[in-house]
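What follows is a single structure, written as structure tokens, with notes after it.
The values are calculated or read from the model by the stated rules, or taken from the named source; none is laboratory data. Predicted, not measured: the structure shown is a model, and the values here were computed from it. Glycine also receives a Cβ, built like all others from the backbone with ideal geometry; neighbour counts cover every protein chain displayed. Only protein heavy atoms, including side chains, enter the accessible area calculation; ligands, DNA and RNA are left aside. Shrake-Rupley method; radii C 1.70, N 1.55, O 1.52, S 1.80 Å.
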Amino acid sequence: MLQVLLSRWQQGYRTMAWPEGDVVLPDRLRGRPVLRPEACRDGCDRCRQVCPTGAILGLGPTLAIDLGRCLFCGECERACAPGAIRFTNEHRLATGRREDLIVRGGPGYKLAEPLTGEVGALFARSCKIRQVSAGGCNACEADINVLGTLAFDMGRFGLQVVASPRHADAVAVTGPVPHQMKLALAKTVAATPTPRVIIAVGACAIAGGPFAGHAEVNDGAACVAPADLSIPGCPPHPLTILDGLLRLIGRMPAGR
Amino acid sequence: MIGARVINGGTVPVRDIPVLGMEAFRAAVIEAVRDGAGLAAYFGYPLAPDGAVAPPGGGAAVAGGRTGGAPAGSAGGGTHPVRLVAVLTWPMAGGCEVVATDPGESFPALTPDCPPAHWFEREIAEQWALRPEGHPWLKPIRYHRAWRPGDAWGRPPGTEILPCVTDFFRVEGDEIHEVAVGPVHAGVIEPGHFRFQCHGEQVFHLEIALGYQHRGVERALAGGPDPRTPHLMETLAGDTTIGHSLAYAHLVEGMTGVKAPARALAIRALALELERLANHVGDLGALANDVGFLPTASYCGRLRGDFLNLSALVCGSRFGRGLVRPGGVRFDLDPARLESLKNRFEPVARDVESAVTLLWRSSSVLARFEETGRVPRETALALGLVGPAARASGVERDVRMDFPTGFYRFLQVPVALLPSGDVFARAFVRWLEIQRSEAFIRQVLAGLPEGPCQADGPVVAGSEVPLPPHLLGVSLVEGWRGEICHVAVTDGAGRFGWYKVVDPSFHNWMGLAMALRDQPISDFPLCNKSFNLSYCGHDL
Ligand code: SF4
Ligand code: SF4
């Protein structure tokens with residue numbers, strides 16, 4: 001018993017001060033890219049050739065990256081000699097609408113907005129999440145799980161993963177949804193009482209991720225239900241996921 | 001040894017692999033396994049008339065300008081016959097042996113005389129519509145259509161194949177009941193289906209049915225390497241990103257003769273051990289949680305993250321995404337980063353020690369761990385278990401020691417071994433491995449070789465640099481769950497005609513089923529956690 005107390009003292013208090021305070025993210029973390037279409041050279045399409053998922057949508061003045069498909073591998077940044085593509089370690093990435101995931105030149109990126117009306121009022125203080133893992137690599141799941149550890153402690157915002165869809169307000173989907181999992185996912189969503197929200201976590205659940213286009217999968221959660229919140233990344237950093245969830249339930253402090 | 005010899009990370013021309021008659025092949029594999037060889041891989045690939053691996057057929061265009069992933073139910077391998085290949089590992093000889101056979105449409109199963117072939121032959125039947133005759137339990141493992149015309153079970157074309165809708169082993173009797181769990185489980189866990197045959201609390205038999213995570217990776221790898229290949233490697237099992245991407249890098253380097261510089265080898269080994277530490281520490285926390293011992297559960301949850309954050313310090317990704325590529329590593333350790341790595345590592349290691357030793361001092365924890373889910377050594381050997389699960393049953397197998405590659409040729413990690421085969425042993429082996437990995441990392445950080453961390457020139461930058469034609473390459477890595485095996489066969493154009501992945505979980509799921517024999521069903525979560533196998537690594 002003494003040992004337990006001693007180790008408790010040694011381990012200290014570990015829950016991060018975020019979102020009020022700041023956290024230091026790894027300098028090499030690849031977060032939101034910044035594009036300079038004016039630097040893109042005529043006739044060059046190196047970035048498109050190296051991109052594993054076809055996430056580069058346009059070149060030249062229309063240079064754009066679809067963060068829904070992007071794996072944040074940074075290959076395009078390496079390939080782009082004039083430096084038109086640069087990844088920053090900005091971790092805030094989650095959006096409400098699928099089309100808001102497209103990054104272009106110039107400022108502005110529309111992060112997810114709080115739910116409004118009845119759902120907004122219902123979920124602001126307590127939002128229970130049923131997670132369904134459907135065909136990904138289990139890294140997105142790991143980074144959702146980590147939100148329950150004492151470092152992130154999502155319980156302090158009323159967020160909790162629950163076992164039964166009957167107890168859930170939200171379904172968080174990971175993976176590209178293989179045919180094998182489509183029915184199970186559809187049944188889980190159907191078993192979740194309305195009003196409910198659907199959250200797509202990771203490139204797989206948004207657009208198929210590294211498995212996009214495989215005949216065995218359905219390229220994400222939308223084959224069952226459109227997402228109310230899309231959290232890009234492969235996998236998204238846990239803070240990116242928590243940031244998205246807090247924005248959705250309106251718990252992100254103003255100005256952050 | 002009658003097969004072709006290949007060292008770990010080496011290659012052999014396809015024409016030098018002896019193609020034995022079915023009976024000779026069968027005898028060779030059975031005898032080798034009886035004599036102590038491991039069955040690292042056993043698979044089929046389509047054979048073109050000229051004896052080369054047939055190019056994968058029916059490619060569907062995929063976003064990103066690549067092809068791959070033939071439409072479901074189409075004949076990936078066309079109507080070609082199928083060649084079977086077995087890769088045997090010989091720890092005493094420090095190398096592998098490769099044998100092949102051309103079995104026709106059906107062949108006498110090896111499984112009755114060679115239990116480690118059990119899962120492989122079910123996979124061969126499912127993928128290539130061949131029939132291993134006399135297989136004692138011939139069922140699909142992933143529930144998809146074969147990649148050739150035909151069906152090992154005679155299911156008419158066009159009928160839907162539903163996952164895990166099949167016969168299950170049943171125990172009959174008055175007070176017998178069946179418990180079915182999954183695919184969707186209670187926590188944040190991958191999908192799978194478990195059937196328990198119970199007598200009251202007691203489990204007579206557990207059958208595990210998987211396939212829900214099947215996303216067509218092997219089929220998509222055929223025709224590569226291309227820009228997506230490294231990403232498919234990194235996501236074979238997300239918690240084993242370094243392990244699998246390392247197996248791929250070694251394989252390509254072996255085929256091209258490119259040598260990754262010493263500094264790259266050191267950084268790779270560092271990353272592989274950090275991956276092991278994160279997972280072992282996380283699993284010890286999860287085991288503590290399953291017996292309601294919350295201090296260790298909560299500390300280890302945080303400490304696992306601290307190790308992941310060290311990986312992120314190296315390469316920006318907590319899972320090591322983007323770090324390992326053929327030819328080297330993508331991120332170097334500048335002096336400041338190295339310093340900060342050293343400084344951050346020690347306090348984490350210290351806190352791990354204080355969190356984990358609590359487990360061994362708590363009699364309530366030990367009472368739950370000891371004698372639970374025992375897998376005797378004979379069973380572990382017979383099934384061909386790998387990794388910590390095998391070592392906890394007294395089976396001395398560790399790729400880092402038996403077939404060292406990369407930095408493990410210069411710096412050894414002693415094998416951790418325990419005899420009892422129970423949850424306690426599987427937990428304590430992890431703790432021994434944690435300490436040995438930490439010692440290894442300290443040495444790597446203290447003596448990081450100077451020089452570049454990437455070989456000159458493009459090694460295999462995607463589509464433009466093909467590999468040598470008609471080669472078979474074998475690559476083994478000791479991932480945190482155990483032996484990872486990748487085998488590639490190139491076609492005449494230097495593309496992957498077939499790329500075989502064997503995740504350690506593929507060998508070990510049967511071990512979990514055996515651990516549950518005669519256990520109370522309430523101990524399933526604990527036993528399951530003590531193995532912590534990968535669904536996606538199995539389902540591919
Ligand atoms: S970072 Fe994203 S857009 Fe760039 S190459 Fe990788 S996947 Fe494509
Ligand atoms: S998005 Fe990436 S990390 Fe997440 S499940 Fe898919 S492959 Fe894994």
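Take the range A:117-248 with all the other protein chains still there, run a 1.4 Å probe, and you get 28 Å² of accessible area per residue. A viscosity of 0.692 mPa s and a temperature of 37 °C, combined with the Kirkwood radius over C-alpha pairs in the Stokes-Einstein formula, give the range A:152-205 a diffusion coefficient of 270 µm²/s. Along each principal axis, taking the top coordinate minus the bottom one, the Cα set of the range A:53-182 gives 51, 35, 31 Å in descending order. Lysine pair count for chain B (Cα-Cα distance under 28 Å; residues 8 or more apart in sequence or on different chains): 5. The calculated 222 nm mean residue ellipticity attributable to helices in chain A amounts to -6500 deg cm²/dmol, summing -39500 (n - 2.57) over DSSP H runs of n ≥ 4 and dividing by all residues.
Proximity of backbone amide H atoms, modeled 1.01 Å from N, is registered between B:E483 and B:G387 at under 5 Å, excluding neighbours fewer than 5 places apart on the same chain. For the range B:4-175, a simple Cβ point-charge model (Lys and Arg +1, Asp and Glu -1, everything else neutral) yields a dipole of about 640 debye relative to the Cα centre.
Magnitude of the charge dipole for chain B, about its Cα centre and with charges confined to Cβ atoms of Lys, Arg (+1) and Asp, Glu (-1), is about 1140 debye. Could you name the aspartates and glutamates in cross-link range of A:K187, using Cα to Cα under 19 Å and dropping any fewer than eight places away on the same chain? Those aspartates and glutamates meeting the cut-off are A:D169, A:D219, A:D228, B:E160, B:E190. Computed from the C-beta positions of B:W137 and B:A186, the FRET efficiency with R₀ = 25 Å rounds to 0.30.
Under the convention that each Lys and Arg Cβ holds +1 and each Asp and Glu Cβ holds -1, the size of the dipole of the protein assembly as shown around its Cα centre is about 1780 debye. Annotation: the antiparallel percentage among DSSP beta bridges lying fully within the protein assembly as shown is about 75.
Peptides B:163-176, A:102-115 ranked from most to least packed by the mean count of surrounding Cβ atoms within 10 Å: A:102-115, B:163-176. Residues B:K139, A:K128, ordered by accessible area of protein heavy atoms at a 1.4 angstrom probe radius and largest first, appear as A:K128, B:K139.
Approximating the spin labels as points 7 Å out from Cα along Cα→Cβ, the A:K110-to-B:F204 distance works out to 6.1 nm.
The alpha carbons of the range B:292-355 occupy a box of 45, 22, 14 Å along the principal axes, longest dimension given first. Inter-label distance, A:A17 to B:R517: 5.8 nm, where each label sits 7 Å from its Cα along the C-beta direction.
Using the charge dipole of the range B:4-175 (Lys, Arg: +1 at Cβ; Asp, Glu: -1 at Cβ; taken about the Cα centre), state which of B:A28, B:P108, B:Y143 has its Cα farthest towards the positive end. Comparing the listed Cα positions along the dipole, B:Y143 ranks first.
When only Cα pairs below 8 angstrom with a gap of at least 6 residues are kept, the range A:117-248 shows a relative contact order of 26 percent. Over chain A, the hull volume per residue, using the convex hull of the C-alpha atoms, is 145 Å³. Extension gain for B:I2 to B:E23 (0.36 nm times residue separation, less C-alpha to C-alpha distance): 6.2 nm.
For A:C127, the residues whose amide H sits under 5 Å from its own are A:L159, A:Q160, ignoring neighbours fewer than 5 places away on the same chain, with H placed 1.01 Å from N. Each of A:T88 and B:L366 was given a label point 7 Å from its Cα along the Cα-to-Cβ line. The distance between the two points is 5.6 nm.
Would you compute, from DSSP H runs of 4+ residues alone, the mean residue ellipticity of chain B at 222 nm, taking -39500 (n - 2.57) per run and dividing by the full residue count, rounded to the nearest 500?
Helices in chain B give a 222 nm mean residue ellipticity of -11500 deg cm²/dmol.
Neighbouring Cβ atoms from other chains, within 10 Å of the Cβ of residues in A:48-54, number 6 on average. Coupling constants for the range B:387-393 follow from the phi torsions by the Karplus curve (6.51 cos²θ - 1.76 cosθ + 1.60, θ = phi - 60°), and in residue order they are x, x, 4, 6, 5, 6, 9 Hz; glycine and proline get x. From largest to smallest, the equivalent ellipsoid semi-axes obtained for chain B from the alpha-carbon gyration tensor read 34, 31, 21 Å. Considering only A:P26, A:P195, A:P232, the mean-square fluctuation computed in a Gaussian network model of chain A, springs between alpha carbons under 10 angstrom, is largest for A:P26. Other protein chain C-beta atoms within 10 Å of residue C-beta, averaged over A:233-239: 3.
When Rg and the Kirkwood radius Rh are both evaluated on Cα atoms of the protein assembly as shown, their ratio Rg/Rh stands at 0.94.
At full extension, B:E178 and B:D334 could sit 50.4 nm farther apart than now, given 0.36 nm per residue minus the alpha carbon distance. Does the range B:4-175 come out rounded, prolate or oblate, given a ≥ b ≥ c as the square roots of the eigenvalues of its C-alpha gyration tensor, rounded meaning a/c under 1.5 and, failing that, prolate meaning a/b above b/c? It is oblate, given that a/c is not under 1.5 and a/b is not larger than b/c.
Measuring between their Cα centroids, the range B:378-396 and the range B:230-296 lie 21 Å from each other.
Nearest 5 percent is fine: what portion of the DSSP beta bridges confined to chain A is antiparallel? Here the share of antiparallel DSSP bridges comes out near 40 percent. With both partners inside the range A:117-248, how many of the DSSP beta bridges are antiparallel, as a percent to the nearest 5? Close to 5 percent. Summarising the amide proton neighbourhood of B:V203: residues at separation of 5 or more, or on other chains, whose placed amide H is nearer than 5 Å comprise B:D518, B:Q519, B:I521. Find the centroid of the Cα atoms in the range B:83-107 and in the range A:148-226, then give the distance between the two in whole Å. So the separation of the two Cα centres works out to 41 Å. Start at zero, step by 10 Å, and the Cα-Cα distances of the range B:271-328 spread as 26, 42, 22, 8, 1 percent across the bins. Shape of the range A:117-248 from the C-alpha gyration tensor: oblate (a/c of 1.5 or more and a/b not above b/c, with a ≥ b ≥ c the square roots of its eigenvalues). Only helices at least 30 Å long along their axis, Cα-based, and averaging 0.0 or more on Kyte-Doolittle count here, so list those DSSP H runs from chain B. The qualifying helices are B:262-290, B:294-315, B:423-446.
Quantify how strongly other chains surround peptide B:312-320 by giving the mean number of their Cβ atoms within 10 Å of each of its Cβ atoms. Before the final figure, lay out each step's value.
Values: counts 6, 4, 2, 5, 12, 12, 9, 7, 0.
Counting other chains' Cβ atoms within 10 Å and averaging over B:312-320 gives 6.
Peptide packing for B:430-438, B:98-106, A:81-89, B:314-322 was compared via the average number of neighbouring C-beta atoms within 10 Å per residue; ordered from the highest value, the list is B:314-322, B:430-438, B:98-106, A:81-89. For the pair A:Q3 and A:R156, a Förster radius of 30 Å applied to the C-beta separation gives a FRET efficiency near 0.60, rounded to the nearest 0.05.
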